[in-house]
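The values are calculated or read from the model by the stated rules, or taken from the named source; none is laboratory data. All figures in this text were calculated on a predicted structure; none of them were measured in a lab. FYI the Cβ positions are ideal-geometry reconstructions off the backbone, even for glycines, and counts take in every protein chain you see. Remember, those area values only see protein heavy atoms, side chains included, never the ligands or the DNA or RNA. Shrake-Rupley method; radii C 1.70, N 1.55, O 1.52, S 1.80 Å.
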Amino acid sequence: MRRATVVLLIALLGIIFAMVAANYGERTSLSPLAKAYVERVPQELGAPNVITGILLTYRAFDTLGEVAVVFMVAASIGLLLGGAPKRESAGEVDADHPTQSTEIVRNGADVLVPLIAVFAAYIVLHGHLSPGGGFQGGAVIASCVLLVLLARPQYRIELARLSLLESLAGLLFVLVGVAGIAFAGGFLDNRVLPLGDFGALFSAGSIPVLSVLLGVKVGCELSVIIERFRT
């Protein structure tokens, strides 16, 4: 009876997915809202990457809220796992003397970590020109930190410094937003800085600055989460 029920549910799900696939039609033109964004972002914000322009200007307040959620996750994990490292029982690995990684992992990390760091910087700095941005770059930075911890288990992250850097990045992000109220058209208005030449690295107003601050903040928060889970 149970097997028959499972088969029936799978069959119903198959029918549903088949109906969705049969009725799917690829959009051949932009919706009115998407068309408005595609036209307005390059003209008003000077950013070739429409997605980054939206996320760091028109919806920058939502982006700030999303980063705040990541901060609350990091703080909650720190509250739950932030105690002193436990000593393992006899016969198990001592927490103060972790197992060393293999030579392949260490050498691989020595080669890949600088490349990943450069790639993360590229993603953050070119977020207004090409796919990428602060959030994506911050995640890549955290992956770089994870690789370092895998290759060097004895390495300890300075959580106090990371927390200070993360808080400073968040404060500067808000201050740039407030500057938009005073010197431009509203909170987090990127025109607080000159738009520059369209497509240039130093262009799109304050969007590159916000992208860097966002990358630092996200990278620090995710790195703290990684360190907390390790300890």
Original post:
Ratio of the chain's C-alpha Rg to 2.2 N^0.38 Å, to two decimals?
Top reply: 1.33
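Could you calculate the contour length gain from ALA75 to PHE198, that is, 0.36 nm times the residue separation minus the distance between their Cα atoms, to one decimal place in nm?
40.3 nm
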Subject >> Cα gyration tensor, region 136-231 - rounded (a/c under 1.5), prolate or oblate >> reply: prolate
Original post:
Considering only protein heavy atoms, what per residue accessible area in square angstrom results for region 108-195 with a 1.4 angstrom probe?
Top reply: 54
Subject >> Label point distance in nm, SER101-PHE187, each placed 7 Å from Cα along Cα→Cβ >> reply: 4.1
Original post:
From the phi of every residue in region 187-194, what ³J(HN,Hα) in whole Hz does the Karplus formula 6.51 cos²θ - 1.76 cosθ + 1.60 yield, where θ is phi - 60° and glycine or proline is x?
Top reply: 4, 6, 6, 6, 6, 5, 10, x
Original post:
In bins 5 Å wide, starting from 0, what share of all Cα pairs of region 139-187 does each bin hold, as a percent?
Top reply: 5, 18, 14, 18, 13, 10, 9, 6, 5, 3
